[in-house]
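Chemist: I am attaching a structure below and will ask some questions about it afterwards.
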Amino acid sequence: QVQLAESGGGLVQSGGSQRLSCVVSGNFFYTLAMGWYRQAPGKQRELVATISITSSTNYADSVKGRFTVSRDHAKKTLYLLMNSLKPEDTAVYYCNAKFGSAEYWGQGTQVTVST
């Protein structure tokens, strides 16, 4: 069983930075394709960034050049470094892991960007 635990959310001013972390339980971190999603109030959950087991990355157009996804296999942790934050980045951010047909989600962490 894989469990994901996000942290690092909070209130940040527009233009500021925030780093989210997602610690993965179990011994299968190196086999998991990982990603970050977010859901703003009244909107559908959307992809933010993904990272493969070989650390190949993919980003939503809205965050390209501002956000960086990375993973640390030794710490079994996924990161999302968010720079130049905008009010429209306000959302609950979710950590996601996939292995074959199995998919796992964290509980989410709120990021609020003030004007």
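The values are calculated or read from the model by the stated rules, or taken from the named source; none is laboratory data. These numbers were taken from a predicted model, which means no experiment stands behind them. Please note: Cβ atoms are built from the backbone with ideal geometry, for glycine as well, and neighbour counts cover all protein chains shown. Each accessible area value is taken on the protein alone, full model and side chains, heavy atoms only, with ligands, DNA and RNA left out. Shrake-Rupley method; radii C 1.70, N 1.55, O 1.52, S 1.80 Å.
Chemist: List residues of the range 94-115, by number, whose backbone nitrogen lies under 14 Å from a label position 7 Å along Cα→C-beta of SER14.
Modeler: 113-115
Chemist: Whole number in Å², please: accessible area per residue of the chain, 1.4 Å probe, ligands, DNA and RNA not counted. Display every interim value, and only then the final one.
Modeler: Working: 6060 Å² over 115 residues.
Each residue of the chain exposes 53 Å² on average to a 1.4 Å probe.
Chemist: Among 18-24, 3-9, what's the highest-first ranking by average C-beta atoms within 10 angstrom per residue? Write down the numbers at each step before the final one.
Modeler: On the way: 18-24: 20.1, 3-9: 16.7.
Put in order of decreasing packing, that is 18-24, 3-9.
Chemist: In whole Hz and in residue order, list the ³J(HN,Hα) couplings for the range 20-26 that follow from phi through the Karplus curve 6.51 cos²θ - 1.76 cosθ + 1.60, θ = phi - 60°; x for Gly and Pro.
Modeler: Calculated HN-Hα couplings, in order: 9, 10, 9, 8, 10, 7, x Hz.
Chemist: Going toward the positive end of the dipole of the range 47-96, with +1 on Lys and Arg Cβ and -1 on Asp and Glu Cβ, which of ALA91, ILE51, HIS73 do you reach last?
Modeler: Highest projection toward the positive end goes to HIS73.
Chemist: Under 14 Å from a point 7 Å along the Cα-to-Cβ line of LEU47: which residues of the range 89-115 have their amide N that close?
Modeler: Answer for the range 89-115: 96-98.
Chemist: Leaving ligands, DNA and RNA out of it, work out the accessible area of PHE28 with a 1.4 Å probe and give it in Å² to the nearest 10.
Modeler: 110
Chemist: When the accessible area of the chain is computed with all protein chains present and a 1.4 Å probe, what percentage of it is carbon and sulfur? Please list the in-between numbers first.
Modeler: On the way: 3030 of 6060 Å².
C and S fraction of accessible area: 50 percent.
Chemist: Shifting gears a bit: In the chain, what percentage of the DSSP-assigned beta bridges are antiparallel, given to the nearest 5?
Modeler: On the way: 38 of 42 bridges.
Here the share of antiparallel DSSP bridges comes out near 90 percent.
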